[in-house]
Structure formats: structure tokens, C-alpha cells
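*Asks:* Just dropping this structure here.
Nothing in this text is a laboratory measurement; each read-out follows from the coordinates by a stated rule. Computed from a predicted model, the values in this text were never measured in an experiment. Please note: Cβ atoms are built from the backbone with ideal geometry, for glycine as well, and neighbour counts cover all protein chains shown.
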Amino acid sequence: MSNKEGSGGFRKRKHDNFPHNQRREGKDVNSSSPVMLAFKSFQQELDARHDKYERLVKLSRDITVESKRTIFLLHRITSSQYLNYSAPDMEEILTESEIKLDGVRQKILQVAQELSGEDMHQFHRAITTGLQEYVEAVSFQHFIKTRSLISMDEINKQLIFTTEDNGKENKTSCSDAQDKQFGTWRLKITPVDYLLGVADLTGELMRMCINSVGNGDIDTPFEVSQFLRHVYDGFSFIGNTGPYEVSKKLYTLKQSLAKVENACYALKVRGSEIPKHMLADVFSVKTEMIDQEEGIS
């Protein structure tokens, strides 16, 4: 057996030939070298960046949850119009949804403060989910009010915050001196986040159409169908040339459009011969048939 091998047949490492005390003393001496000091500064910088990333992930999660709650609240408007609810109740729901969206914007303000002086694209992956859900909630509320699609510029105008807006929520990482220096914070929705949020909106409009049919509303499905056709045409121009996430959403958008058009067919062709309280059952059966055919294909 070679001298370099121990009793167990394993090679002895080179630093095992030196006493333990000598190795420790050498380490203590090297810790004050410029190279070690430089790497310590790198470590602090990376730790600070990772901590910021985790804070942004938590804020994005809060934005997602509150935006979903706003969407669930807005779905009550479909029922309020046809289940003996008065118009003021609809206004109350819209007012309550606006209050919830203001709370979401306060979370986005904290995100803007965290990204102050940083490159947004380095942290975009941490916040993209929350921003998409916020776009979906805002566009859904805008469609209920105006029956139209909100533009990306209008959304970005709502995400410009001043020092007065900062007083509504506790400050996070920015100090008072920084508040006075900058005065305003802004967070711009990227085109990809906007497109993905609009694509998710089509699923909520499809659910809105289903609820309308079940409640006896024969106008909303045709309005939603026409709107979804325009959205689908716009996404078709992008096709496979856009980001992968956008092309992936196109298939789901097509499914939602098919379900809404199927509801319009049931209302237009068989609406006169089927009682209103049975339209939802007929539509649900046809929707299940479409899902089965798509699953087979």
C-alpha cells in the first residue's frame, strides 16, 4: 500500500499533512487580506439582494390574494342585476372593489419603493405573478363599468404614487430623506404582464357569461362574445412571434371564446323553446361536451 493511502485505502489529502493549529492561524491571517475583504463585501451585497427578492415575492403573493378577492367580489354584480338586487347595491359593490384595489396599489407602492434605484428586470420574476393578477382585476372592473378594455397606459397612470400616498401605509425600506428627495414612485406594467393579465381576463368573462345565462340575462353573453372575438383577433396577430407565455395563453383564450359562443348559440337558436331557468343546465351540458372533445383530441 502506498504511503499516500491511509489504513482504509483512501488517499490522504494534502492539507492533512499540516498540523491543525497551523491551518487555523493561516486562515486568521488571510481573513484580513484585500481579497477576503472584497469577497465579504460581495457576500453582503448578495445577501441584501436575496433579502430584497424574498420581500418582493411576499408582496407579490399579497397582491395576488387581494386581486383575486376583488375579482370574486365583482362576480357578485352579475347576480345583483337579476336576483332582485337594486342598482345602489351594484354601486356599493363597485365602491367596495375600488377600496380593495386601492389596498392592492398600496402593496404595489411598497414594491416600487423596494425597486427604487434598482433594475426592475432583475427582480421582475418575483413580482410578475402579482402584477398579472392586478391587471386582471383592474381590467375586469373596467369592463363591468364601460364594456371596454382598459389600456396599459391607463393602468400605469394609476401606479404613480406621491408622498401623500405613502402616508396611507407604513414605509418599508425607504427613509424619510429618500422620500423627500424623490417625492414620487412609479411602477410600470410591462407589455408581457399586460398581455398575460388580459388573457386571464377572458376566463373571468367566460364565468361571467355562465352566471348571466343562469340568471336569465340574454344580453351579456352576446356583449362578452363580441368583446372576446376582438381580444382573440388581437392575440392572433401576435401568434408564435411573441413570448412563450403569451402563445401558451392563446389556447386557453380560444377555449373560453368557444364556451361563450356556445352559450350565445343556445340563447339564439333554442332560447325561445327553453325556459330561462333551464338555460344554464343546457349550457353546462354543452360545455362538458366541448371539454370532452378537446380532451380526446
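*Asks:* I'd like the FRET efficiency for Asp219 and Asp153, computed as 1/(1 + (r/R0)^6) with the beta carbon distance as r and R0 of 41 Å, rounded to 0.05.
*Replies:* 0.85
*Asks:* How far apart, in nm, are the 7 Å Cα→Cβ label points at Ser236 and Thr95?
*Replies:* For Ser236 paired with Thr95, the spin-label model returns 4.3 nm.
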